[in-house]
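So the structure is just underneath, and the comments pick up after that.
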Amino acid sequence: MVRLLSHAAGRVRLPRCVFLRRVWSMIARKEVRRGMKKILTRVLIVLLVLYVALVAGLAYAMRQPPETFGRVMKHAPMAAFLVLPFETLWIHARAGSLDVGESAPDFSLNMLDHARQVKLSDFRGRKPVVLIFGSYT
């Protein structure tokens, strides 16, 4: 009733009955599907872990001084801006805790000719200071 047929993985016994052959092939396909499902699940878990690691690394880099953050970001591909939640992380990383009416924290900036640095504390009590951020092009 049962005859031997060759198979890629070795010799497999397949029944002569058409119904039983169909059942056998369905079982074999289910095993392949189970194997593929297992592989896809592992791949998705690895991709999720990689994504979380990239987001955590970007969030950490955003909390560093601007020079360090700039060195990190110059190596980031443009596709990273499409995939990673850049804007959301940036808003949270650079939010600050200054309220209206509080004194601004002290900082220093280079002059345009880089000859010297100017500190905000040098102007306290003397002149009003206006900071303008924008593009001049």
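The values are calculated or read from the model by the stated rules, or taken from the named source; none is laboratory data. All figures in this text were calculated on a predicted structure; none of them were measured in a lab. All Cβ positions, glycine included, derive from the backbone under ideal geometry; neighbour counts span all protein chains shown.
What to note about this one:
- Positions within the stretch 69-90 being surrounded by 10 or more Cβ atoms within 10 Å (Cβ to Cβ) and farther than 23 Å from residue 131 by Cα, in sequence order: 71, 72, 73, 76, 80, 81, 83, 84, 85, 86, 88, 89
- Residue match in the stretch 11-20 (condition: modelled with pLDDT under 85, surrounded by 10 or more Cβ atoms within 10 Å (Cβ to Cβ) and within 30 Å of residue 123 (Cβ to Cβ)): no
- Of the residues making up the stretch 91-113, at least one is modelled with pLDDT under 90, aromatic (Phe, Trp, Tyr) and surrounded by 10 or more Cβ atoms within 10 Å (Cβ to Cβ).
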